[in-house]
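Take a look at the structure set out below.
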Amino acid sequence: MRNCYGVFLGFAMLSVALYGQKKDADTSYFNTEVKRVSAPYMKESAFAKAHTYFLQKEWDSTLVYSMKQLTTNATDKGLEDLCLFFRGYAFKEKGLLNESKTSLLTISEAFPFHNQVKLKLGTILLEEQNYEEALTYFKEIEAYSETDLLGIQKDNIEENIGICYMHLEQFDKAEAYLLKSIALKEARNDTLTLIGTYGNMANIYYVQYKDKQAIPYFEKAYQLSRETRHFPSKSNAAFNMAIVEENRKNMEAALAYRKEYEQWKDSLNDQNKVYAIAQKEKEFAVKEKQKEVSLLEAENKIKEAQKDGLLYSSLFLLALLGTGVYFYREKVKSNNIISAQKEDLDELNATKDKLFSIVSHDLRSSVYALKTSTSELEDHLEAKDLDKVTTLVHSNSAIVNGAYNLLDNLLNWALLQTKQSYFEIASLRLFFIVEQVAHNYKALLQEKNITLENTVSKKDIVFADQESLKIILRNIIDNAIKFSNPDGTIKIYTEHTKEGFCDLIIEDNGIGMSETTRQNLLKETIVTSEKENKDIIGSGLGMQLCRSMITKNNGKFFIESTLGKGTKMIVSLPKIAPDG
């Protein structure tokens, strides 16, 4: 029996997940109607705050003030219904489905937004997999216009009805509704939601073993996912194609889709890590500011005490001469300590300022290049110059990839500097690590027609941290591609010239670098010299991150290069496990 269960899960609830993603115009219409219905009750203080926070999508505050309003002695049913609607909506957005359902079911039939209430209840029941009850609510509002539904797209309702029938195994009805939904979405060219709808359509055929009808929809979903930056859609589409190819016994293609699925899953995780680090940095900055305020208050108190001491010393000079000398010596000591701390702080601030300068410059360059390229893309799209559009899309992809690599290096550099990174030294086979990393660069290599040769022996073993070694290889290979000429060659091999160490060498025949640049890249600093090729975006942060991680892996880093003749990056790693 083939594996269709995994494919079915890939898209079964995707329509519900995308349900609330409306156009700005639709959201504006919904907000306008909420303001209109709420206007008579804005004199109520708690309700006015709940209303404001609801429009700002501050769900916790919405729940607090709507409950506060409900606990007052007011008996107006319209006001009570609005508060219950705010609470049901907020609970739904926070993922508390039972609480949301309880609030929504309490709302009276006379409530102006009762169609919206039915829509929310149907969505909740669909997420709870109660398909028969969900179908009842969706069918009640099926005939309503988008105006009656406050801007919700009709195709979403058609799709959710189709999903309900699909799970109830009424496939003919499910197919009819999903085909109507697809037609509406294609007319609006709604790429992101089409991915999910194509997947749902494919599932209807796939569970009935109608592969010839199912697979084209899986392929459509996959092709559309390549045009979006929505990582969950990319991941689901690649995963489903992997399952399809496994069922067709095409294991080579299935493996490629599996690797792509893992890549998008990792990208989503990396994105979440960046957001988490940003939040931690914000909290850290607030704490540091509070420490600075406390320190200034303490310093002011010390200065006041010193003034009092000088006054008393002038009155009792002889008696307090010894005390004055004592305080003078202590002050000298304090000043020496403060001077030393100031030098350290100045050095750290200088490093911080230079780092921010590099990052902001390169990000600004990337964003400006992307802005310019996008403007050209719009012009060529109007002219339907597809060749130029393809070129600009590839250009945009390269710019975004460069900016992403910069942010990824910054994240890893920050973790390394703040000693938050986790290192686990273990025995690793170099050949397979190189193969894994090099696989992710196939597209870039093909774009410049560069040949990459991995001749690392499968017997070569080193002791290092696997994740940091991958980061090192990604940065070096990325640089080798970036600074290689079209039709160039990159060779990766090992040598054993140092006792106890294995030299991993990444050699390219690209533009090379000057001796000054080579020496700067090996210095204990994050700032590099002027780049030889000004058209290539980069801060040098990646190389400094490599150097730091190689050192932490008990290794050594060497660079051999001649301007115009290529570069050798040599990573020397221990072949013996470290003591302890």
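Estimated at 0.36 nm per residue, the fully extended path between Asp266 and Phe316 surpasses their Cα-Cα distance by 10.7 nm. If R0 equals 41 Å, the separation of the Cβ atoms of Ile337 and His439 corresponds to a calculated FRET efficiency of about 0.15. Rounded to the nearest 20, the size of the Cβ-charge dipole of the range 422-574 about its Cα centre is 80 debye, with Lys and Arg at +1 and Asp and Glu at -1.
Each of the peptides 422-435, 559-572, 475-488 was scored by the mean count of other Cβ atoms within 10 Å over its residues; in descending order, highest first, they stand as 475-488, 559-572, 422-435. Pairs of Cα atoms nearer than 8 Å and 6+ residues apart set the relative contact order; for the range 422-574 it is 24 percent.
Peptide packing: for 238-244, 442-448, the average count of neighbouring Cβ atoms within 10 Å per residue gives the ranking 238-244, 442-448, highest mean first. Packing-based ranking of 159-169, 178-188 yields 159-169, 178-188, ordered from highest to lowest mean Cβ neighbour count within 10 Å.
Kindly state, to the nearest 0.05, the FRET efficiency for Leu255 paired with Ala383, given R0 = 56 Å and r defined as their beta-carbon distance. In this case the efficiency is close to 0.90.
What base-10 log of the normalised intensity I(q)/I(0) is obtained for the range 422-574 from the Debye formula, alpha carbons as equal point scatterers, at q = 0.14, 0.18, 0.19 Å⁻¹? The computed values of log10 I(q)/I(0) come out as -0.65, -1.11, -1.24. Distance between the 7 Å Cα→Cβ label points at Phe558 and Ala187: 7.0 nm. Step through the table entries Lys43/Lys94; Lys220/Lys371; Lys265/Lys384; Lys259/Lys442; Lys68/Lys92, compare each Cα-Cα distance with 23 Å, and write down the pairs that go over it. Going by Cα-Cα distance, Lys43/Lys94; Lys220/Lys371; Lys265/Lys384 fall outside the 23 Å limit. Once the Cα-Cα distance is subtracted from the 0.36 nm per residue extended length, the Asp487 to Arg229 segment shows a gain of 89.9 nm.
Computed from label points 7 Å out along Cα-Cβ, the spacing between Lys470 and Thr451 is 2.9 nm. Reducing the range 139-191 and the range 464-499 to their Cα centroids gives an inter-centroid distance of 51 Å. Segment Phe432..Ile461, full-extension length gain: 9.4 nm, with 0.36 nm per residue of separation and the alpha-carbon distance subtracted.
For the range 23-152, the Kirkwood hydrodynamic radius from C-alpha pairs, put into Stokes-Einstein at 10 °C and a viscosity of 1.306 mPa s, yields a diffusion coefficient of 106 µm² per second. Computed from the C-beta positions of Glu219 and Ser375 and an R0 of 56 Å, the FRET efficiency is 0.95 to the nearest 0.05. Taking a point 7 Å from the Cα of Leu55 along the Cα-to-Cβ direction, the residues of the range 93-136 with backbone N closer than 19 Å to it are 112-113.
Rule-based calculations on the coordinates, nothing more; no lab input. Source: prediction; values computed, not measured. Note that we place each Cβ from the backbone using ideal geometry, even for glycine, and neighbour counts take in every protein chain shown.
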